[in-house]
Amino acid sequence: MTYTADRLWKEVVYVAYYLHWPSPEILDLEHHVRTKVIGEIGGIHTELGP
């Protein structure tokens with residue numbers, strides 16, 4: 001799978017915003033790990049509601 005720079009940037013910003021992780025650490029994550037982290041963040045939002 002090829003990522004666009006825009007999509008990767010959005011993922012980095014999303015994780016950095018919610019977990020306060022620095023971007024180099026997020027970029028060092030393997031794709032499948034970063035995707036799982038993003039899914040977990042989304043799950044928390046679903047559980048907590050608006």
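Here are the numbers for the structure shown:
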read-out: Tyr3 vs. criteria modelled with pLDDT under 95, touching a helix residue (DSSP H, G or I) at 6+ places or on another chain (Cβ under 9 Å) and of a type in the set (Phe, Trp, Tyr); value: yes
read-out: Residue under evaluation Trp21, criteria (1) surrounded by 12 or more Cβ atoms within 10 Å (Cβ to Cβ); (2) not in a loop (DSSP other than H, G, I, E, B), criterion not met; value: (2)
read-out: Criterion: charged (D, E, K, R) and either in contact with a strand residue (DSSP E or B) (Cβ under 8 Å, 6 or more places away or on another chain) or in contact (Cβ under 8 Å) with a residue 12 or more places away in the chain (or both) - qualifying residue of Glu40, Glu30, Glu11, Glu47; value: Glu11
read-out: Single unsatisfied condition, Leu8 versus (1) assigned to a helix (DSSP H, G or I); (2) surrounded by 11 or more Cβ atoms within 10 Å (Cβ to Cβ); (3) modelled with pLDDT of 95 or more; value: (3)
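The values are calculated or read from the model by the stated rules, or taken from the named source; none is laboratory data. All figures in this text were calculated on a predicted structure; none of them were measured in a lab. Cβ: placed from backbone, ideal geometry, glycine included. Neighbour counts: every protein chain shown.
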